[in-house]
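Worksheet for the structure shown next.
The values are calculated or read from the model by the stated rules, or taken from the named source; none is laboratory data. None of the values given here were measured: they were computed from a predicted structure. As a convention, Cβ positions derive from the backbone with ideal geometry for all residues, glycine included, and neighbour counts pool all protein chains shown. To get the accessible areas, we keep the full protein, side chains included, count just its heavy atoms, and leave off ligands, DNA and RNA. Shrake-Rupley method; radii C 1.70, N 1.55, O 1.52, S 1.80 Å.
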Protein chains: 2
Amino acid sequence: MQFVQENKGFKIFIDGKEIIHHTEENPCIYAGIGKATYEMFRGNFKVSDSVCEKMALKDFDVEDAQNGKIVTFSRNKLNPLKVLFTEEDGRHVIKFIENADSLNRIWLRLKAQKEEHIYGCGEQFSHFDLRGKNFPLWTSEQGVGRNKNTYITFMADSIDQAGGDYYTTFFPAPTFVSTRKYYCHVDNTAYMDFDFKNEDYHELQIWDIPEKIIFETGESYIELVEKVTELLGRQPELPEWVYDGVVIGVQGGTETCVKKLNNAVEKGLKVSGIWAQDWQGERYTSFGKRLMWNWQWDSKLYPGLDEEIKTLNARGVKFLGYINPYVAIEGNLYKEASENGYLAKDAEGKDYLVEFGEFYAGVVDFTNPKAFEWYKGVIKKYLIDFGLSGWMADFGEYLPTDLYLYNGVSAEIMHNEWPAIWARVNKEAIEESGKTDQVTYFMRAGATGSQKNCAMMWAGDQNVDWSMDDGLASVIPAALSLSMIGCGIHHSDIGGYTTLFGMKRTKELFMRWAEMGAFTPFMRTHEGNRPLDNWQFDSDDETLLHFAKMSRVYTTLAPYIKAAVKENSEKGIPVQRPLFMHYENDERSYGIQYEYLFGRDILVAPVYEEGKATWKAYLPEDEWVHLWTGEEYKGGDVEVEAPIGFPPVFYRKNSSYVELFGKVLEV
Amino acid sequence: MQFVQENKGFKIFIDGKEIIHHTEENPCIYAGIGKATYEMFRGNFKVSDSVCEKMALKDFDVEDAQNGKIVTFSRNKLNPLKVLFTEEDGRHVIKFIENADSLNRIWLRLKAQKEEHIYGCGEQFSHFDLRGKNFPLWTSEQGVGRNKNTYITFMADSIDQAGGDYYTTFFPAPTFVSTRKYYCHVDNTAYMDFDFKNEDYHELQIWDIPEKIIFETGESYIELVEKVTELLGRQPELPEWVYDGVVIGVQGGTETCVKKLNNAVEKGLKVSGIWAQDWQGERYTSFGKRLMWNWQWDSKLYPGLDEEIKTLNARGVKFLGYINPYVAIEGNLYKEASENGYLAKDAEGKDYLVEFGEFYAGVVDFTNPKAFEWYKGVIKKYLIDFGLSGWMADFGEYLPTDLYLYNGVSAEIMHNEWPAIWARVNKEAIEESGKTDQVTYFMRAGATGSQKNCAMMWAGDQNVDWSMDDGLASVIPAALSLSMIGCGIHHSDIGGYTTLFGMKRTKELFMRWAEMGAFTPFMRTHEGNRPLDNWQFDSDDETLLHFAKMSRVYTTLAPYIKAAVKENSEKGIPVQRPLFMHYENDERSYGIQYEYLFGRDILVAPVYEEGKATWKAYLPEDEWVHLWTGEEYKGGDVEVEAPIGFPPVFYRKNSSYVELFGKVLEV
């Protein structure tokens, strides 16, 4: 880190890149005082801030420190903010070491360049390149529709305040990668808003005084994601059984599930597991089918499941369930947690109950070490020991800001961290059962810490439609933005989930989504919240046969996928990668958010529009082979036949997997 | 004004009422620096502010002044802001006499009481009592739908960014009346946002340093509106001919208009005038029928109109037209204005052209005295001398913020004032023609200054529907909020105007609107932007006969209405009044925004819902007589028969007009 004083200001360089420029006219830091308001309705938040003070900290004093410089910013001696610019473990760090007590907001300006692109900030469904917009970072429901100009968003907003917007996400993160080849990570969990709209600077607004902000540069994007994951942690490999086929999301009882399995296997579907979210019971609300939220086998709905799991396992089929960090008030787990004081409290010291849509649940207070251990015990005993090989670890993004936690920290600060803590509960439960290589889980909510604590992400609740901001297409930027910050294993509900306001999943949508799913590290279906309204994988033979083919594409590619997953766990190089990660001299690749590299050698350009028989793709300069026809391309804009069953996929002619790729034609 | 220093702060009282309380912990004033962004699309604005500094000016020094105190606010000597608290012409005034140059934002906190209500701030369509919300004050299109939860608003937003919100209005004003019995007026035209959400204070945010803020107290609301209009001016009386009946909004040429008139008169309609907005030509766009915007008689569309006007006048029927402050580029007026340099300029010094929906027009630059005179001349020559007895003086709220004006003042500052300047052009043109008692005009856009420069307001472009925020009902709070700030003559397009997204005016809506119109100072119809989609006053005999009856109700009441209009012009006591203006001890009356007093002795509770045959009204304690049945009420909640033709109207038993009111039964 180089500190250069000049005129009446200074510049800070990391490895030769200017990241901060402070002058009296354009100060790099503003500090102030705000009071936030968070209104939550079922995980959808309206957040606003009443800023009663914001001061440009124009004045500064510099002192030498042991390894760097201490700069005390202030304004006419007001609001002193002491900052250490230093290096720590080989990283460039801005440490906030002292400040006026009253301050609780900072706005830090980083130097920007006009042609710079920015990626990351968690899971972003609408924009992969973040330049030109601001991104509030607050974990929440992702929204239904996520575009104020669509009818679905309007309906969701009108009825449930649930429409969302371009930035709403289950997994926001204060971590980004710049095309100036550095990453920046803010070590804090408060509400933030990163504004990349300005030509000359990025403004990081933080509703707290963070401990530190970390930077590293890299020679390449590969090096940068390696460094990000060196800092934040890496995901483990997936259990071997995952590569045996798809996990079918079915429900309705032991017999129903097995019948669906048998029928599908008979038609050639490669099945690695059954995922039955209602294994612990169900309830019906106006939203559709919901679960019981008392995390134990429902032996009435699933008679003989304990034995059936053994039979299934012997057939090479795993059984997966579902859990989330809440306990419904009707259940014995709620009673146990409540009696032991394991639940978060309201202002009066009573259990805080969250309304989840016509039913209530308590919030297990993971800041209480006993509650944390207890919930791990629930997972170990009722899920792992029962025989589950995995589960959806749902939710994490709802922590209300007006509840009281055991550790005494404000829920405003804990809110964004909650998903990572919830991930850790799952991770440790599996580790302590000694089953990390056999049992997995997938989450939609995330935070800093998910990198090392969450085995894999799933994209949450897409609409069962073709909308850009909340349908099939939106899953691609979601995977890519996460890939830049160290979460390299991503998948989505094949077919989408949210079935409301007249939406119904069509056969074509299911098939196109399955075609994309075959080129992700994990294939899993979901019936959606209103299963009867949706086209399912077994709704007719044509669909099932098509899906069976896609499952075989996936199992055929398994050795290649496995190697990519291994690379992710060892180096943090994601399985799904943006094109520029390997083609950084290709200007156009920086703007592409609906194609991806699947590992090093496959390029996938999913068909995300209805009624298409051909598809236009962009290929960076290389030697590409079209998977289905063998036609060769050198790069540029290409148009290929893309009827159902033949998703636009290309592989590198010089790949060491060429022979394997060829086998896909035989499925 | 009483200035009381105590502890480390001070309090300011006006006539014994505490209006300011300054302490170090809760300073009364914040100052800062912001840079606003205004995006305009056809009069709909997205306004945002980037505040780079906001400081609580905690420190203060007090000096005695000749007539008051000078307080210099600052923060550690930064951002000094010198304020004089004084009296001027018997009013309490806060004068901003000196400030740091860079400052361009202030936030002033006035003392509030929990149970206080606030009224005014211009023409507010959604909320009469402003407490509990903030109100951005920026003149613009009012919006189509004005409620983000309605389908019409969604459609308007999606297609044209035109949906609006609860606060969007053609006529915002930095003037309000508190139930603590004072008024407050900010003497400035910048963007403001008055926030009445807080229990303890009102926060006036002003994007400029105003010259002064004026307060007066009163013993009653009558006294307060008298004082407001003493300060801001009063409207003249209306020409006598107005009381002869309704002004029918018709178009399509001389013969068509006269035919419609004859047919209506034959059916008993009392007609005072024909209002033909297309007298100067028409054009068709995707929005519907639009006008030519070159303000001279179109003798092709209106052959013989010059002579016909004389014939009509002899029959006791006036002819009214239309004008606005823009000149379409196709016309000779544009050419003349452009050649003389009378148009506002863009950054390159060329005529600034505004897109008005598939056509363009120049903006007459009224800050250029020659342009101002020239446009008055246009009105005198082409409108008044031609024989028009009145016109809609449309628009005024579109002034783009990126144009350049002759007077060198930023368009950001001139924007809000524009409607008042446009009003003055009309007023002076009529005055100079010596026809103030014969010719009138009506405007939708307004500002401080409209009180004395605009003869009467009309409510703008309601939807042809029953929606609360943009339909029939919305006109009532609009009239009442304006009534509190000195614009006491108000009316609306009978039947509404905006006909889009499947809306069609129904027969019932037209009839209910006409019933309300009979109890306003001016009755006028509008065909709407898509006349063929709408039910019109002459669409069938039943409607015409009903409308004829309502016109006779109006003409029967004329002496009473005239007296109320006179009171408005002499004292500023509005024609339509909120109930609490005369029943200030009635707690409930402060929350009533869909009933009004029409003059002192009539209470109107318009039916604003579809399919009603009875109606519930609230009457303050008095002796009330139901207009149609003679049934007497003492006050409280009442329910009356209210079939079509019998709007819920009550009069005071002790009124000196009882005999006149009785005659209404004979119409």
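Take B:98-106, A:213-221 and order them by the average number of nearby Cβ atoms within 10 Å per residue, most first; the result is A:213-221, B:98-106. The phi-based Karplus calculation (6.51 cos²θ - 1.76 cosθ + 1.60; θ = phi - 60°) puts the 3J(HN,Hα) values of segment A:107-124 at 10, 9, 9, 9, 4, 10, 10, 4, 8, 6, 10, 10, 9, x, 6, x, 9, 10 Hz, whole numbers, x for Gly and Pro. The alpha carbons of segment B:151-254 stretch over 56, 45, 26 Å along the principal axes, in descending order.
With everything on Cα atoms, drop me the angle between helix A:418-432 and the longest principal axis of chain A, reported from 0 to 90° to the nearest 10. On a 0 to 90 degree scale, this one is about 60. Computed from Cα atoms, the angle from the helix B:369-378 axis to the main principal axis of chain B rounds to 10 degrees. Put the Cα centre of segment A:75-134 next to the Cα centre of segment B:105-151 and the gap is 36 Å. Shown is the FRET efficiency for B:ILE97 and B:LYS566, computed with R0 = 51 Å from the Cβ-Cβ distance and rounded to the nearest 0.05: 0.80.
By the gyration tensor of its Cα atoms, with a ≥ b ≥ c the square roots of the eigenvalues, what is the shape of segment B:68-115: rounded for a/c under 1.5, prolate for a/b over b/c, or oblate? The shape class here is oblate. Once the 1.4 Å probe is applied to the protein heavy atoms, chain A comes out at 35 Å² accessible per residue. Hydrodynamic estimate: the Kirkwood radius of segment A:424-547 over Cα pairs, inserted into Stokes-Einstein at 20 °C and 1.002 mPa s, corresponds to D of 140 µm²/s.
Go ahead and run the numbers for FRET between B:LYS504 and A:GLU639, Cβ-Cβ distance against an R0 of 60 Å, rounding to 0.05. Walk me through the numbers on the way to the answer.
Details: r = 46 Å, r/R0 = 0.76.
Here the calculated transfer efficiency is 0.85.
Chain A has equivalent-ellipsoid semi-axes of 40, 32, 21 Å, by the square roots of 5 times the alpha carbon gyration tensor eigenvalues, sorted largest first. When the C-alpha to C-alpha distance is required to be over 29 Å, the pairs from A:LYS148/A:LYS427; B:LYS77/B:LYS111; A:LYS259/A:LYS549; B:LYS133/B:LYS616; A:LYS212/B:LYS77; B:LYS571/B:LYS612 that qualify are A:LYS148/A:LYS427; A:LYS212/B:LYS77; B:LYS571/B:LYS612.
Annotation for A:GLU219 and A:LYS133: the two label points, set 7 Å from Cα along the Cα-Cβ direction, are 3.5 nm apart.
Just tell me how shielded A:72-81 is by partners: mean number of partner chain Cβ atoms within 10 Å of each residue's Cβ, no decimals. Write down the numbers at each step before the final one.
Working: counts 0, 0, 1, 5, 6, 2, 5, 2, 0, 0.
Average per residue, whole number: 2.
Among the trypsin sites (Lys or Arg not before Pro) in segment A:158-222, which ones are in a DSSP loop with at most 12 other Cβ atoms within 10 Å of the Cβ? Mind listing them? Numbers along the way, then the final one.
Working: sites: A:ARG180, A:LYS181, A:LYS197, A:LYS212; in loops: A:ARG180, A:LYS181, A:LYS197.
Loop-located and lightly packed - none at all.
A Stokes-Einstein calculation at 25 °C with viscosity 0.890 mPa s, built on the Kirkwood radius of the protein assembly as shown over Cα pairs, returns a diffusion coefficient of 70 µm²/s.
When A:ASP346 is represented by a point 7 angstrom out along its Cα-to-C-beta vector, the spacings to that point in the other copies are 5.9 nm, nearest first. For the pair A:ILE329 and A:PHE3, label points projected 7 Å from Cα toward Cβ lie 5.6 nm apart. Distance from the Cα centroid of segment B:349-402 to that of segment B:169-207 is 30 Å (rounded to whole angstrom). With all protein chains in place and a 1.4 Å probe, the accessible surface of segment B:363-472 carries 49 percent carbon and sulfur.
In segment B:134-176, comparing the full protein assembly with the chain on its own, the residues that lose 40 Å² or more of accessible surface at a 1.4 Å probe are B:ASN149, B:PHE154.
Over segment B:411-470, all Cα pairs binned in 5 Å intervals from 0 give whole-percent P(r) values of 4, 18, 22, 18, 15, 12, 8, 3, 1, listed from short to long.
Using all pairs of distinct alpha-carbon atoms, the Kirkwood hydrodynamic radius of segment A:92-198 works out to 15.4 angstrom.
Just so you know, the averaged projected area of the alpha carbon convex hull for segment B:474-524 sits at 3.8 nm². Label-point distances for A:LYS267 to the equivalent site in the other copies, using a point 7 angstrom along Cα→C-beta, read 6.5 nm when ranked shortest first. Based on the Kirkwood approach, the hydrodynamic radius assigned to segment A:122-171 is 11.0 Å, with every pair of different Cα atoms included. With a 10 Å cut-off around each Cβ of B:48-59, the average count of Cβ atoms from other chains is 4.
With all protein chains present, how much of the accessible area of segment A:99-170 (probe radius 1.4 Å) comes from carbon and sulfur, to the nearest whole percent? Walk me through the intermediate numbers first.
Values: 1030 of 2260 Å².
Heavy-atom surface of segment A:99-170 belonging to carbon and sulfur, 1.4 Å probe: 46 percent.
Taking the C-alpha atoms only, the angle from helix B:151-160 to the longest principal axis of chain B is near 80 degrees. Surface burial for A against B, with a 1.4 Å probe and both sides summed, reaches about 1600 Å² of accessible area. Once the Cβ-Cβ distance of B:ASP402 and A:ASP59 is raised to the sixth power relative to R0 = 35 Å, the FRET efficiency obtained is 0.50.
For the protein assembly as shown, the share of DSSP beta bridges that are antiparallel, to the nearest 5, is 85%.
Within segment A:1-42, the GluC sites (Glu not before Pro) that combine a DSSP coil assignment with at most 16 other C-beta atoms in a 10 angstrom radius are A:GLU24, A:GLU25. The same position B:LEU545 in the other copies lies at 7.2 nm from this copy, comparing label points 7 Å beyond Cα toward the beta-carbon, shortest first.
Modelled label positions at A:ASP306 and B:GLU24, each set 7 Å beyond Cα in the direction of Cβ, lie 7.0 nm from each other.
Considering all different alpha carbon pairs of segment A:304-394, the Kirkwood hydrodynamic radius works out to 14.5 Å. Taken over segment A:447-513, the ratio of Cα radius of gyration to 2.2 N^0.38 Å equals 1.19. The packing ranking of peptides B:54-60, B:547-553, highest mean first, is B:547-553, B:54-60, where packing means the average number of other beta carbon atoms within 10 angstrom of each residue.
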